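To start, the structure itself, in structure tokens.
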Amino acid sequence: MGNLLSYSGLTTKVRAMESHLITDGQFRDMAALETVSDAVEYLRHLKAYEGMFSDLDDEKLHRGAIEQRLILSLYQDFAKLYRFSNLTQRKFLDLYFMHFEIDILKKCFRNSMGQNRLDIDLSVFRDFFSRHSSLDLIKLSSSSNLREFIANLEGSIYYDLLAHLEEGSETTLFDYEVHLDLLYFKTIWKVMSKYLNRKSQELLIQCFGSKLDLLNIQWIYRSLKYYHLKSADIYALLIPFHYHLKKDQTAKMVEAGTMDEFFSVLKTTYYGQKADMDIREKPDLEQLTSEVLDKIYRSTSRQNPYSIATLNSYLYLKEEEIQKIITLIESIRYQLKPDEIISYVVKQ
């Protein structure tokens with residue numbers, strides 16, 4: 001009864017926002033459009049993106065500008081949910097916000113290490129971040145090199161970790177990103193046990209535990225296929241955590257001699273059996289990850305409508321929608337055929 005009372009208003013709000021998520025039919029309509037301008041015009045008429053592109057003319061419709069507006073719509077949704085939440089729910093949202101910070105840090109890292117101009121104007125997010133974060137987005141985005149970027153993080157929870165990594169002479173972008181992910185998931189576990197009840201913890205572990213397993217599977221796959229790393233080096237990259245993925249299954253994938261062998265082991269795992277796609281066809285692992293996580297997030301929310309799962313599921317689905325929109329618009333930009341475009345964003 002307590003959960004029903006504390007979540008009734010928030011669940012109603014989430015359900016209303018979910019009704020504005022883009023449907024498969026709408027994605028098919030967008031995939032049939034001929035230009036990026038047409039796709040953005042389509043978005044302008046959707047409730048969730050009203051006003052987001054009002055200041056963009058055709059000459060400004062590059063990927064960075066579009067992505068910036070889409071991310072801002074996610075932040076606005078987060079802010080709406082935050083206003084509707086009680087203190088316990090806000091503890092979860094404060095934790096979730098760390099995920100937004102890390103996404104921004106990764107973008108800035110790629111910029112600093114590649115010495116390229118950041119293609120997203122972070123000043124647009126300043127007001128939102130000022131309410132939830134101590135990071136100075138303007139200083140970070142204007143950092144001219146890696147050392148200056150890390151120095152601009154001083155005083156944050158990220159500084160000691162990244163400053164220590166910087167001391168290594170062969171530290172790569174991948175190393176920084178993995179350690180940021182590790183910090184995030186460790187923080188999740190610590191905060192969950194302190195502020196959330198057992199039922200809420202169980203629901204979140206279903207999602208975050210599966211996400212960790214699938215991240216490890218993706219890293220093993222990339223290490224074998226693209227980098228041809230030795231087993232010992234692959235083990236060093238993995239997050240030391242197992243949820244549905246068993247230790248012996250991880251070991252067999254790491255030590256697979258061929259990609260056929262890797263996918264043969266993957267087929268026996270919880271995630272290989274959970275997926276609708278045929279593992280023997282060596283599917284794209286990012287698509288497999290999206291498909292499986294989509295099922296898990298939707299299931300936890302559907303089975304526990306008056307719980308933290310409603311917040312967690314909506315934010316996940318909104319982020320997935322944004323990635324699909326970016327993929328679809330970039331596919332239109334490169335003049336791919338509608339059937340090919342839709343194969344990337346809608347489950348066939």
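Where in the chain are the DSSP H helices whose alpha-carbon span along the long axis reaches 15 Å or more and whose Kyte-Doolittle mean is at least -1.0?
Passing helices, by number: 2-18, 63-84, 87-114, 173-195, 198-222, 285-303, 308-333.
Please report how far the C-alpha centroid of segment 42-82 lies from that of segment 211-251, rounded to the nearest whole angstrom.
36 Å
Evaluate E = 1/(1 + (r/R0)^6) for Gln273 and Lys60, where r is the Cβ-Cβ distance and R0 equals 41 Å; express this FRET efficiency to the nearest 0.05.
E(calc), rounded to 0.05, equals 0.35.
Classify segment 105-165 as rounded, prolate or oblate from the Cα gyration tensor: take a ≥ b ≥ c as the square roots of its eigenvalues, call it rounded if a/c is under 1.5, otherwise prolate when a/b beats b/c and oblate if not.
Taking the square roots of the gyration eigenvalues as a ≥ b ≥ c, segment 105-165 is oblate.
Roughly how many debye, to the nearest 20, is the charge dipole of the chain about its Cα centre, given +1 on each Lys and Arg Cβ, -1 on each Asp and Glu Cβ, and no other charges?
With only Lys, Arg, Asp and Glu charged at Cβ, the dipole is about 1420 debye.
Report the full-extension gain for the segment Arg28 to Ala16: residue separation times 0.36 nm, less the Cα-Cα distance, to one decimal in nm.
Difference between extended and current length: 2.0 nm.
Would you mind finding the longest exposed-site-free stretch of the chain, with exposed GluC sites (Glu not before Pro) meaning DSSP loop and at most 14 other Cβ atoms within 10 Å?
After excluding every exposed loop site, the longest remaining stretch is 171-348.
With the cut-off at 19 Å, tell me which of the pairs Lys106/Lys139; Lys194/Lys295; Lys211/Lys318; Lys211/Lys246; Lys107/Lys139 have Cα atoms farther apart than that.
As for pairs spanning more than 19 Å Cα to Cα, those are Lys194/Lys295.
Every number here is computed from the coordinates shown, using simple stated rules; none is lab data. Keep in mind it's a predicted model, so treat the numbers as computed, not measured. Every residue, glycine among them, receives a Cβ derived from its backbone with ideal geometry; neighbour counts consider all protein chains shown.
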